[in-house]
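*Asks:* So that we are looking at the same thing, I have put the structure below in structure tokens.
The values are calculated or read from the model by the stated rules, or taken from the named source; none is laboratory data. Everything numeric in this text was worked out from a predicted model, so none of it was measured. Cβ placement follows ideal geometry from the backbone for every residue including glycine, while neighbour counts extend to all protein chains displayed. Only protein heavy atoms, including side chains, enter the accessible area calculation; ligands, DNA and RNA are left aside. Shrake-Rupley method; radii C 1.70, N 1.55, O 1.52, S 1.80 Å.
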Amino acid sequence: MSNIEVIILAAGQGTRMKSGLTKVLHPLAGRPLIDYSLRCAEALSSEKPVVVVGNEAAAVRQLVGERAVFAVQEPQLGTAHAVMAAEKVLDVKEGLVVTINADMPLLTPETLQQLVATQSANKGPITMLTVKCDDSHGFGRVIRTADGSVREIVEEAHATPEQLAIREYNVSAYCFSAQWLWPALKHVKLSPKGEYYLTDLVGLAVGAELPVKAVVLDDAEEAMGINTRVHLAEAEAIMRRRINERWMLAGVTLVDPASVFIGADVQIGKDTTIWPNTYLRGRTVIGEGCVLGPNTMIEDTQIGSHCTLLMAVMEGAVLEDDVSMGPFAHLRKGAHLAKGVHMGNFGEVKNSYLGPETKMGHFSYIGDATIGENVNIGAGTITCNFDGKRKNHTDIGKDVFIGSDTMLVAPVKIGDSARTGAGSVVTHDVPPGTVVVGVPARELRKIREEEKPE
């Protein structure tokens, strides 16, 4: 196949979004709009795409980073003018050039591969994407010749009543012969609006008796461009449906797909069940055989297999296999629950490790702590980790029993098999195998041999 270069047009102002954020950076299913165009380009060509920037260029550059090279369109004088700006960066005279808009996130790599394949077999210089549907979305009408080639594109504002009745529309995604494109751009004339349009290239090709081919979208939803927040919401619903259907076909049960929100970068293992009002965001990874929700929010969290999470909130956490949580449990950034941990209602863990089989039943806060295996954390336990100036660490060994309403005033260490009495305020380290009680906690006795766990 010929060398393929992709140009992504991202210079527009997007004024109808009525936002301080440039349009192509608005999120859709957890990714900025332009990310979808970048992924299409990466699937289509091994070459970095050219992103044409203008409005809020610095913000777009920062987000895209090294994934693309950039051309600046200043001022913004239409789509043909944008491609002219890209020519200075590309310096490619042979092969194929694909142009897409950064505000069309529903286009798929498979569609663009079909566009390229059609142009590769086309003796003419252009293949374009079209869509057949009842709603024009303001797109230009595609007028065909008797042999099926494209004769012209008529903008809706200039169409006759007969042309307005046509139900095939220009999607504004093209594949060009590079050898023909660059000289042809110099012949595009300034429109009455003071802009240069790519659609005029169709007329130039037809005028030179060169065939223009068209690929009709199989799925009309792919043609949707984002111009307003209404369009963004419509695209979000379509993307959610696509994502949810993909996971159900992969062996994940969604009890009510309409009320489950799964981000585009989330990964889920088979035989996991997701109940209503559950939100999976960021780069969350879910293992196999889990039960999530209802009413659960998980972001940028790694979850092992066979976990049960009910009415819980997690961000930046790690859960190993067989963890159970909730209801009303909260894991903050840096929380790590090892295999078999149980965390009950109204508990919070931040920047802490809870060892295997540790139980934290309810009404407790654990922050900046390392807790060993098989520890019981009684109701109302708090690690007092902040002294007014800095966060301090709590270390709890294995087989420890923390009594209800214990205050652990960090920095403090609790040795293996130690115990605290209910209501204790622990301000000093507790040796292994020791029972402490009181305010402040003092040693009561040593653990008897028969009291130690087997």
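*Asks:* Taking the Cβ-Cβ separation of A237 and K18 as r and a Förster radius of 35 Å, what is the calculated FRET efficiency to the nearest 0.05? Each step should come with its number before you reach the end.
*Replies:* Working: r = 20 Å, r/R0 = 0.59.
FRET efficiency, A237 to K18: 0.95.
*Asks:* Another question, then. Mind putting a number on the dipole of region 146-291 about its Cα centre? Charges go on the C-beta only, +1 for Lys and Arg and -1 for Asp and Glu, and I need it in Debye to the nearest 20. Before the final figure, lay out the partial values.
*Replies:* Details: 14 positive and 20 negative charges, 98 e Å.
Its charge dipole is roughly 480 debye.
*Asks:* Counting only heavy atoms of the protein chains, get the accessible area per residue of the chain (1.4 Å probe) and round it to a whole Å² value.
*Replies:* Numbers: 20570 Å² over 454 residues.
I get 45 Å² per residue for this part.
*Asks:* Any chance you could give the angle, 0 to 90 degrees and rounded to 10, that helix 109-120 forms with the longest Cα principal axis of the chain?
*Replies:* Roughly 30 degrees between the two axes.
*Asks:* With the crude spin-label approximation of a point 7 Å out along Cα→Cβ, what separation in nm comes out for K123 versus K270?
*Replies:* Roughly 5.1 nm, to one decimal.
*Asks:* Amide H to amide H under 5 Å from V98: which residues, 5+ apart in sequence or cross-chain, H placed 1.01 Å off N in plane?
*Replies:* The list, which skips near neighbours in sequence, is E5, V6, I7, F176.
*Asks:* Could I ask something else about it? Taking the Cα centre of each part, how many Å lie between region 305-341 and region 419-451?
*Replies:* About 29 Å separates the Cα centre of region 305-341 from the one of region 419-451.
*Asks:* Based on the Cβ-Cβ distance of E245 and E162, what FRET efficiency does E = 1/(1 + (r/R0)^6) give at R0 = 30 Å, to the nearest 0.05?
*Replies:* Working: r = 39 Å, r/R0 = 1.31.
Calculated value: 0.15.
*Asks:* Continuing with this model, one more query. Report the Rg/Rh value for region 225-274, based on alpha-carbon coordinates and the Kirkwood definition of Rh. Before the final figure, lay out the partial values.
*Replies:* Numbers: Rg = 12.1 Å, Rh = 11.6 Å.
Ratio of gyration radius to Kirkwood radius: 1.05.
*Asks:* Can you list the residues, at least 5 places off or on another chain, whose amide H is less than 5 Å from the amide H of C384, using H built in the peptide plane?
*Replies:* Here L408, V409, A410 satisfy the definition.
*Asks:* Is region 181-221 best put as rounded, prolate or oblate by its Cα gyration tensor, with a ≥ b ≥ c the root eigenvalues, rounded for a/c under 1.5, and otherwise prolate when a/b is larger than b/c, oblate when not? Write down the numbers at each step before the final one.
*Replies:* On the way: a/c = 2.75, a/b = 1.42, b/c = 1.93.
Oblate.
*Asks:* Per 0.36 nm of contour for each residue apart, how much would the distance between S46 and T308 grow if the chain were fully extended, relative to their Cα-Cα spacing?
*Replies:* 90.1 nm
*Asks:* Expressed in nm to one decimal, what extension gain is obtained for the pair K452 and N277 from 0.36 nm per residue of sequence separation less their Cα-Cα distance?
*Replies:* Values: separation 175, 0.36 × 175 = 63.00 nm, distance 4.37 nm.
Value of the extension gain: 58.6 nm.
*Asks:* With a Cα-only, solvent-free Debye model of region 244-388, what are the log10 I(q)/I(0) values at q = 0.08, 0.11, 0.21 Å⁻¹?
*Replies:* Evaluating at q = 0.08, 0.11, 0.21 Å⁻¹ gives log10 I(q)/I(0) of -0.20, -0.37, -1.20.
*Asks:* Right, something else. Relative to the first principal axis of the alpha-carbon coordinates of the chain, what is the inclination of helix 33-44, with its axis defined by its Cα atoms, in degrees from 0 to 90 and to the nearest 10?
*Replies:* 70
*Asks:* Excluding residues fewer than 8 places away in the same chain, name every one of the lysines whose C-alpha is closer than 22 Å to that of K413.
*Replies:* K350, K359, K389, K391, K398, K446, K452
*Asks:* Tell me the volume per residue, in Å³, of the convex hull enclosing the alpha carbons of region 317-454.
*Replies:* Working: hull volume 11.9 nm³, N = 138.
Cα convex hull per residue, to the nearest whole number: 86 Å³.
*Asks:* Here is a follow-up. Suppose every Lys and Arg Cβ carries +1 and every Asp and Glu Cβ carries -1, with no other charges. What dipole size does the chain come out with about its Cα centre, to the nearest 20 debye?
*Replies:* Numbers: 44 positive and 55 negative charges, 177 e Å.
Approximately 860 debye in magnitude.
*Asks:* Using the structure shown, select from K48/K186; K270/K339; K88/K189 the pairs with a Cα to Cα distance greater than 22 angstrom.
*Replies:* Values: K48/K186 25 Å; K270/K339 19 Å; K88/K189 20 Å.
Listed pairs above 22 Å: K48/K186.
*Asks:* Quick one: pull the percent of accessible area on the chain belonging to carbon and sulfur, 1.4 Å probe, ligands and nucleic acids left out. Working shown, then result.
*Replies:* Numbers: 10920 of 20570 Å².
Ligands and nucleic acids excluded, carbon and sulfur reach 53 percent.
*Asks:* At 25 °C and 0.890 mPa s, what whole-number value in µm²/s does Stokes-Einstein give for the translational diffusion of the chain, with Rh from the Kirkwood sum over Cα pairs? Before the final figure, lay out each step's value.
*Replies:* Working: Rh = 25.7 Å.
In µm²/s, the coefficient rounds to 95.
*Asks:* I'd like to know how region 1-117 sits against the 2.2 N^0.38 Å rule of thumb: what's its Cα Rg over that expected value? Please list the in-between numbers first.
*Replies:* On the way: Rg = 13.5 Å, N = 117, 2.2 N^0.38 = 13.4 Å.
Against the compact-globule rule of thumb, the ratio is 1.00.
*Asks:* Okay, moving on. Which cross-chain or sequence-distant (5 or more) residues have an amide H under 5 Å from the amide H of S172, H modelled 1.01 Å from N in plane?
*Replies:* Placed amide hydrogens put L129 under 5 Å from S172.
*Asks:* Follow-up question, since we're still on this one. In nm, to one decimal, how far is the modelled label at A258 from the one at D134, with both set 7 Å along Cα→Cβ?
*Replies:* Rounded to a tenth, the inter-label distance reads 2.1 nm.
*Asks:* Please enumerate, by chain and number, the aspartates and glutamates with C-alpha under 13 Å from the C-alpha of K93, excluding those fewer than 8 residues away in the same chain.
*Replies:* E5
*Asks:* Divide, for region 310-364, the radius of gyration over alpha carbons by 2.2 N^0.38 Å, where N is the residue count. Don't skip to the answer; put the middle values down first.
*Replies:* Working: Rg = 9.4 Å, N = 55, 2.2 N^0.38 = 10.1 Å.
Dividing the Cα radius of gyration by 2.2 N^0.38 Å gives 0.93.
*Asks:* If R0 is 35 Å, what FRET efficiency do you get for E110 and N345 from their C-beta distance, rounded to 0.05?
*Replies:* Values: r = 46 Å, r/R0 = 1.33.
Plugging the Cβ-Cβ distance into 1/(1 + (r/R0)^6) gives 0.15.
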